[in-house]
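Quick notes on the structure that follows.
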Amino acid sequence: MKRTPLDAWIAAKTNHTDLAAYQSEKLRETVEWARTRSKFYRGRLPPITGLGDLKWLPFTTANDIRRDPFQLVCVSQDDIHRVVTLDTTGTTGSPKRLYFTREDQELTIDFFHVGMSTFTDPGDRVLILLPGQTPGSVGDLLATALERLGAIPFKYGAVDDPAAVADVIRRESINVVVGVPVHLLVLARTQPAFKLKSVLFATDHVPDPIRETVTRTWGCEAYDHYGMTEMGLGGGVECEARRGYHLREADLLFEIIDPQTELRLPDGEYGEIVFTTLTRRGMPLIRYRTGDYGRFIPGACPCGTSLKTLERVARRLKGQIPLGNGYITIGELDRMLFSVENVVNAVVVASAVTHDGLTIAVQVVGDIPAALEAIRAALTLPDGVKVEITPVDEIKLTMAKRVIADLGVIID
């Protein structure tokens with residue numbers, strides 16, 4: 001088993017010094033940069049000496065970004081190279097806007113270059129099923145990183161027509177694919193007649209049935225990526241052990257906190273994932289609360305790295321909703337629904353008022369009555385829950401994260 005390439009990369013970025021000492025100095029520099037240049041952080045951040053003072057720093061939230069994002073910017077508008085707008089996941093509220101300099105985006109390209117080398121070699125032909133036509137978009141940055149690696153990228157965009165994507169894979173002799181988990185499930189269950197070397201899941205949680213279907217159908221290895229736009233798109237990627245993400249610890253400082261007490265938790269305990277940017281200049285974020293729920297896996301990774309391992313993130317803090325006499329998450333529902341081999345996609349709507357019902361629209365292949373029967377058998381729900389399952393011809397694929405919804409209100 002190869003050690004994660006992030007190990008040597010981070011060692012080089014830190015000049016082979018102690019990682020904690022490097023992070024401590026970068027944290028001090030970042031706080032000083034933000035408190036002297038950002039209208040938002042000015043007056044909020046005290047001067048610090050290093051990691052020991054981290055607990056005294058206030059958190060930054062998504063609402064802080066929504067209210068007035070440019071208040072967090074630390075450079076002139078002329079230095080901004082890319083602005084990303086993220087629509088809010090509810091029915092009200094302003095979108096989030098993130099600002100990046102050219103140098104900030106170069107940090108992302110560098111991470112993508114090294115992270116993709118985990119399972120991609122020079123000469124590999126990589127299909128990117130993510131938005132990539134706009135300069136500076138995730139697919140565009142990934143294509144640049146792959147070219148530096150010596151691989152050959154093909155920017156397609158989000159899956160719109162599975163048959164057309166399969167045609168590209170065959171025609172261009174694609175052997176590596178990067179895409180959204182459910183998009184890749186649709187491909188695997190409707191267009192199975194090709195083989196791949198490796199697949200990278202990105203942008204959303206990956207239920208085990210999706211991973212198992214993709215690897216079995218295409219005879220490939222599958223890896224997970226963890227990241228969000230606020231991180232600069234890239235946060236971490238799995239190594240060959242494939243039990244969780246190794247993180248870009250020279251660029252991002254991660255913590256797990258108790259969501260109620262806001263105190264840091266030790267490795268092994270579950271809580272909210274929080275990060276601080278250490279090398280970003282355009283719009284640094286200090287102790288940003290991601291809303292993701294996870295933990296650091298205690299002990300060393302089998303790949304031999306000394307880097308931390310963040311367990312695969314399966315849900316959001318607010319993603320657990322009351323249902324019947326218990327609770328449910330979209331991750332749990334996806335594991336049940338996608339375990340049925342006929343299911344290609346599904347949309348789940350819950351009764352947020354009475355908490356006693358689910359409406360599930362499913363796209364299936366093959367025998368529909370048999371598929372519906374199998375779905376009902378696979379669903380293990382709290383007592384007293386009424387379920388209505390409706391087969392549909394097609395569910396439009398989007399880049400939105402999977403959620404449980406109610407009358408247009410997203411429960412993420």
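The values are calculated or read from the model by the stated rules, or taken from the named source; none is laboratory data. As the structure is a computational prediction, the values presented were derived from the model and not from experiment. Cβ: placed from backbone, ideal geometry, glycine included. Neighbour counts: every protein chain shown.
Kindly indicate whether any position in the stretch 41-51 is assigned by TED's automatic domain parsing to the domain that holds Asp224 and in a helix (DSSP H, G or I). Full working, then the answer.
Kept after step one, since they are assigned by TED's automatic domain parsing to the domain that holds Asp224, are these residues of the stretch 41-51: 41-51.
Then keep just the ones that are in a helix (DSSP H, G or I); that gives 51.
Yes; the residues of the stretch 41-51 include at least one that is assigned by TED's automatic domain parsing to the domain that holds Asp224 and in a helix (DSSP H, G or I).
Quick check on Thr277: is it surrounded by 22 or more Cβ atoms within 10 Å (Cβ to Cβ) and within 18 Å of Thr61 (Cβ to Cβ)? Answer is yes for this residue.
Taking the stretch 377-408 as the range and being exposed (fewer than 12 other Cβ atoms within 10 Å of the Cβ) and either small (Gly, Ala, Ser) or more than 29 Å from the chain's Cα centre (by Cα) (or both) as the test, the residues that pass are Ala377, Asp383, Glu388, Thr390, Gly408. Take Phe201 and tell me if it is out of contact with any Pro (no Cβ under 7 Å at 6 or more places or on another chain) and aromatic (Phe, Trp, Tyr). So Phe201 does not fit the description; no.
Inside the stretch 199-228, can you point out the residues that are among the aliphatic types (A, V, I, L, M) and part of a strand (DSSP E or B)?
Pass one, the stretch 199-228, residues among the aliphatic types (A, V, I, L, M): 199-200, 202, 206, 210, 214, 222, 228.
Selection gives Val199, Leu200, Ala222.
Of the strands (runs of 3 or more DSSP E) entirely within the stretch 230-302, those holding at least 1 residues that are without any contact (Cβ under 8 Å) to a residue 40 or more places away in the chain occupy 252-257, 271-277, 288-294.
Residues that are among the aliphatic types (A, V, I, L, M) and at pLDDT below 95 do not occur anywhere in the stretch 97-106.
When the strands (runs of 3 or more DSSP E) confined to the stretch 311-360 are screened for residues that are hydroxyl-bearing (Ser, Thr, Tyr), none reaches at least 2 such residues.
For the stretch 23-40, the criterion of being under 25 Å from Met228 (Cβ atoms), among the charged types (D, E, K, R) and touching a Cys at 6+ places or on another chain (Cβ under 6 Å) is met by at least one residue.
Among the residues of the stretch 228-250, write down those that are surrounded by fewer than 24 Cβ atoms within 10 Å (Cβ to Cβ) and in contact with a strand residue (DSSP E or B) (Cβ under 7 Å, 6 or more places away or on another chain). Give the steps one after another, and end with the answer.
Filtering the stretch 228-250 for residues surrounded by fewer than 24 Cβ atoms within 10 Å (Cβ to Cβ) gives 228-230, 240-244, 249-250.
Listed by number, the residues that qualify are Met228, Thr229, Glu230, Arg242, Gly244.
Quickly run through the stretch 30-50 and pick out the residues that are in contact (Cβ under 8 Å) with a residue 40 or more places away in the chain and under 28 Å from the mean Cα position of the chain (by Cα). Passing the criteria: Thr30, Val31, Trp33, Ala34, Ser38, Tyr41. Within the stretch 206-220, the set of residues being surrounded by fewer than 19 Cβ atoms within 10 Å (Cβ to Cβ) and among the hydroxyl-bearing types (Ser, Thr, Tyr) comprises just one member, Thr215.
Could you tell me which of the residues Leu263, Leu317, Leu253 is in contact with a helix residue (DSSP H, G or I) (Cβ under 9 Å, 6 or more places away or on another chain) and surrounded by fewer than 21 Cβ atoms within 10 Å (Cβ to Cβ)? Walk me through how you get there before you give the answer.
Details: Leu317 fails: in contact with a helix residue (DSSP H, G or I) (Cβ under 9 Å, 6 or more places away or on another chain); Leu253 fails: surrounded by fewer than 21 Cβ atoms within 10 Å (Cβ to Cβ).
Exactly one residue qualifies, and that residue is Leu263.
The number of residues in the stretch 190-211 being free of Cβ contacts under 8 Å to residues at least 40 places away in the same chain and touching a Phe, Trp or Tyr at 6+ places or on another chain (Cβ under 9 Å) comes to 7.
For the stretch 1-40, filtering for residues that are of a type in the set (A, V, I, L, M, F, W, C), assigned to a loop (DSSP other than H, G, I, E, B) and surrounded by 16 or more Cβ atoms within 10 Å (Cβ to Cβ) leaves 1. All of (1) farther than 13 Å from Val182 by Cβ; (2) in the same structural domain as Ile395 (by TED's automatic domain parsing) hold for Val362 with one exception: (1). Consider the stretch 365-375. How many of its residues are over 21 Å from Pro181 (Cβ atoms) and part of a helix (DSSP H, G or I)? Number of matching residues: 5.
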